[in-house]
Amino acid sequence: MDDTVAALVGALKERGMWSSTLFAFASDNGGPIYRPGGANNHPLKGGKYSDWEGGVRANAFLAGGALPPAAAGTAYDGLFSVADWYSTFCEL
């Protein structure tokens, strides 16, 4: 996945599109702790298909030239849903 994201970002930069791009990346849920999943969500309890924090908490990030400089490098530790992307983009 790292190579694919890097290739996508590289292609956008080569075409001069990165400066007007807002790149959003998110996971749908926590890692699978069942077999053969093998994820480790420590220190969170649970995993994919559970209602525990390890099943619903996941990483997400925004990047790109369209990201306001004041937002770059900041972190958000609250609750968020992929359904919130539209309102988040509108606020930027």
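The values are calculated or read from the model by the stated rules, or taken from the named source; none is laboratory data. None of the values given here were measured: they were computed from a predicted structure. Glycine gets a Cβ as well: all are built from the backbone with ideal geometry, and neighbour counts include every protein chain shown. Keep in mind that these areas ignore ligands, DNA and RNA; they rest on the heavy atoms of the full protein, side chains included. Shrake-Rupley method; radii C 1.70, N 1.55, O 1.52, S 1.80 Å.
Things worth noting here:
- Pick from the stretch 8-34, criterion open to solvent by 60 Å² or more (accessible area, probe 1.4 Å), modelled with pLDDT of 90 or more and not hydroxyl-bearing (S, T, Y), ranking: nearest to R57 (Cα to Cα): L8
- The residue list L22, L44, L67, L79 contains one member that is aliphatic (A, V, I, L, M) and over 22 Å from E91 (Cα atoms), which is L44.
- Yes/no for L44 being aliphatic (A, V, I, L, M) and open to solvent by less than 50 Å² (accessible area, probe 1.4 Å): no
- Checking L22 against (1) farther than 28 Å from A71 by Cβ; (2) in contact with a helix residue (DSSP H, G or I) (Cβ under 9 Å, 6 or more places away or on another chain), the condition it does not meet: (1)
- Qualifying residue in the stretch 44-54 (condition: hydroxyl-bearing (S, T, Y) and either touching a helix residue (DSSP H, G or I) at 6+ places or on another chain (Cβ under 8 Å) or at pLDDT below 90 (or both)): yes
- Identity of the residue in the stretch 47-60, surrounded by 11 or more Cβ atoms within 10 Å (Cβ to Cβ) and within 14 Å of the chain's Cα centre (by Cα), that ends up nearest to L12 (Cα to Cα): A60
- Positions within the stretch 53-92 being among the small types (G, A, S) and in contact (Cβ under 8 Å) with a residue 12 or more places away in the chain, in sequence order: G54, G55, A58, A60, A63, G64, G65, A66, A71
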